[in-house]
Amino acid sequence: MKLADERVMGVVGYGEVGRECALLAKGLGMRIQAVRRKPERSTTDLVLDRVFAPHELQEMLAQIDVLVCAAPLTADTYHMIGATQFEVMKPTAIVINVGRGPVIDEAAMIRALQDKRIAGASLDVFE
């Protein structure tokens, strides 16, 4: 099992809630990556180890151990995390949704769990 300082948390929806989750994980020694609509705004944010643009979501997902979804629900974020995204994630990855339910395609997530494409999920919100 990896130690916390060897794990990477990825955040989708790096607003107040996403940043607070990142701060807590950083305190445990995790490295933090995030997808931001405007990655250039993050150059002075000392919590983030790496920032990705939205079109680089797949690249981030392939590297992380924990995904925190804290994104608002918009036309761009509806089912933002679906079958294609689960396929690139590590089979040991854990998904946490504290944003809006429909940001994650729940049917695709259930299939990913059943097929052991991801290790687990914790949902505060549902589709």
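The values are calculated or read from the model by the stated rules, or taken from the named source; none is laboratory data. Remember, it's a predicted structure, so these values are computed and weren't measured experimentally. All Cβ positions, glycine included, derive from the backbone under ideal geometry; neighbour counts span all protein chains shown. Surface accessibility is based on the protein's heavy atoms, side chains included, excluding ligands, DNA and RNA. Shrake-Rupley method; radii C 1.70, N 1.55, O 1.52, S 1.80 Å.
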Amide H contacts under 5 Å for Arg100, placed H, 5+ residues apart: Ala71
Length added when fully stretched, Lys116-Lys90, from 0.36 nm per residue minus Cα-Cα: 8.4 nm
The stretch 76-91 - phi-based ³J(HN,Hα) in whole Hz, Karplus 6.51/-1.76/1.60, Gly and Pro as x: 7, 9, 4, 6, 4, 10, x, 3, 4, 6, 5, 5, 8, 6, 5, x
Charge context of Lys116, other residues only, Cβ under 15 angstrom, K/R +1, D/E -1: +1
Heavy-atom accessible surface of the chain: percent carbon and sulfur, 1.4 Å: 55 percent
Whichever aspartates and glutamates have a C-alpha closer than 16 Å to that of Lys90, once near sequence neighbours (fewer than 8 apart) are set aside: Glu6, Glu59, Asp65, Asp115
The stretch 61-127: relative contact order as a whole-number percent, Cα under 8 Å and 6+ apart: 38 percent
Rounded Å value of the spacing that divides the Cα centres of the stretch 83-127 and the stretch 33-78: 16 Å
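Would you mind calculating the relative contact order of the chain from Cα pairs under 8 angstrom and at least 6 residues apart, reporting the percent as a whole number?
Working: 264 pairs, mean separation 28.4, N = 127.
Worked out over the chain, it gives 22 percent.
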Residues whose placed amide H lies under 5 Å from that of Leu67, excluding near-sequence neighbours: Gly10, Ile94, Val95, Ile96
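Which residues make up the longest stretch of the chain that has no trypsin sites (Lys or Arg not before Pro) in a DSSP loop with at most 16 other Cβ atoms within 10 Å? Please list the in-between numbers first.
On the way: sites that count: Lys2, Arg37, Lys116.
Longest gap between qualifying sites, sites excluded: 38-115.
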